[in-house]
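**Student:** Got a structure for you, written out below as structure tokens; questions coming shortly.
The values are calculated or read from the model by the stated rules, or taken from the named source; none is laboratory data. This one's a predicted model, so the numbers in the text were calculated from it and none came from an experiment. Glycine gets a Cβ as well: all are built from the backbone with ideal geometry, and neighbour counts include every protein chain shown. Heads up: the accessible areas ignore ligands, DNA and RNA and are worked out on the full protein's heavy atoms, side chains in. Shrake-Rupley method; radii C 1.70, N 1.55, O 1.52, S 1.80 Å.
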Amino acid sequence: QVQLVESGGGLVQPGGSLRLSCAASGSISRFNNMGWYRQALGKQRELVSTITSGAETNFADSVKGRFTISRENVKNTVYLRMNSLKPEDTAVYYCYLRASARDHWGQGTQVTVSS
């Protein structure tokens, strides 16, 4: 059974930075995609960023130039560095892993951007 454990959320002022981490455990193909989605209150869950095991990345237009994603394949861990945070980045951030044609989700971590 695959488990995803997130950490690093919290409260930050506009313009600040946070780093989210997500560690995956269990039986996981080494060929996989990991990443982050987010869901703001009253809105649908949306893609933030993904990264393949070959380090190909994808970003939502709203975070390009502000967020970076990276991973450590040996640890099955993915990181999301969020800079220049805006109030509209406030949401629950969910870690995501796709492997062997199956999707797995973390429990979510709250990110609040407010002064």
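**Student:** Specify the residue that is modelled with the lowest pLDDT; the eligible residues are those in the stretch 28-44 that are more than 12 Å from the chain's Cα centre (by Cα) and of a type in the set (Lys, Arg).
**Tutor:** The first filter runs over the stretch 28-44 and keeps only residues more than 12 Å from the chain's Cα centre (by Cα), leaving 28-32, 40-44.
Filter once more, keeping what is of a type in the set (Lys, Arg): 30, 43.
On the way: 30: 80, 43: 97.
Ranking the candidates gives 30 first.
**Student:** Still on this model: Residues in the stretch 64-85 that are open to solvent by 80 Å² or more (accessible area, probe 1.4 Å), in a loop (DSSP other than H, G, I, E, B) and in contact (Cβ under 8 Å) with a residue 60 or more places away in the chain: how many? Give the steps one after another, and end with the answer.
**Tutor:** Going through the stretch 64-85, the residues open to solvent by 80 Å² or more (accessible area, probe 1.4 Å) turn out to be 64-65, 74-75, 81.
Still in the list and also in a loop (DSSP other than H, G, I, E, B): 64-65.
Still in the list and also in contact (Cβ under 8 Å) with a residue 60 or more places away in the chain: none.
Qualifying residue count for the region: 0.
**Student:** On to the next question. Scan the stretch 4-18 for residues that are closer than 26 Å to residue 102 by Cα, in a strand (DSSP E or B) and not acidic (Asp, Glu) and jot them down.
**Tutor:** First, the residues of the stretch 4-18 that are closer than 26 Å to residue 102 by Cα: 4-9.
Those still in the list that are in a strand (DSSP E or B) too: 4-7.
Of everything in the stretch 4-18, those that are closer than 26 Å to residue 102 by Cα, in a strand (DSSP E or B) and not acidic (Asp, Glu) turn out to be 4, 5, 7.
**Student:** Among the residues of the stretch 19-37 satisfying the criterion of being among the hydroxyl-bearing types (Ser, Thr, Tyr) and not in a strand (DSSP E or B), which is least open to solvent (accessible area, probe 1.4 Å)?
**Tutor:** Narrowing the stretch 19-37 to residues among the hydroxyl-bearing types (Ser, Thr, Tyr): 21, 25, 27, 29, 37.
Retained after the next criterion (residues that are not in a strand (DSSP E or B)): 27, 29.
Values: 27: 106, 29: 39 Å².
The extreme case among them is 29.
**Student:** I need every pair where a residue in the stretch 47-62 that is open to solvent by less than 60 Å² (accessible area, probe 1.4 Å) has its Cβ under 8 Å from the Cβ of a residue that is of a type in the set (D, E, K, R) and part of a strand (DSSP E or B), sequence separation at least 6 or different chains.
**Tutor:** 48/38; 51/71; 53/71; 60/46
**Student:** Right, something else. Of all residues in the stretch 91-108, count the ones that are outside any strand (DSSP E or B) and either at pLDDT below 95 or more than 20 Å from residue 5 (Cα to Cα) (or both). Let's see the steps before the verdict.
**Tutor:** Our first condition is that a residue be outside any strand (DSSP E or B); within the stretch 91-108, this holds for 100-101, 106-108.
Checking the rest, the ones that are also either at pLDDT below 95 or more than 20 Å from residue 5 (Cα to Cα) (or both) come to 100-101.
Residues that pass the stated criteria total 2.
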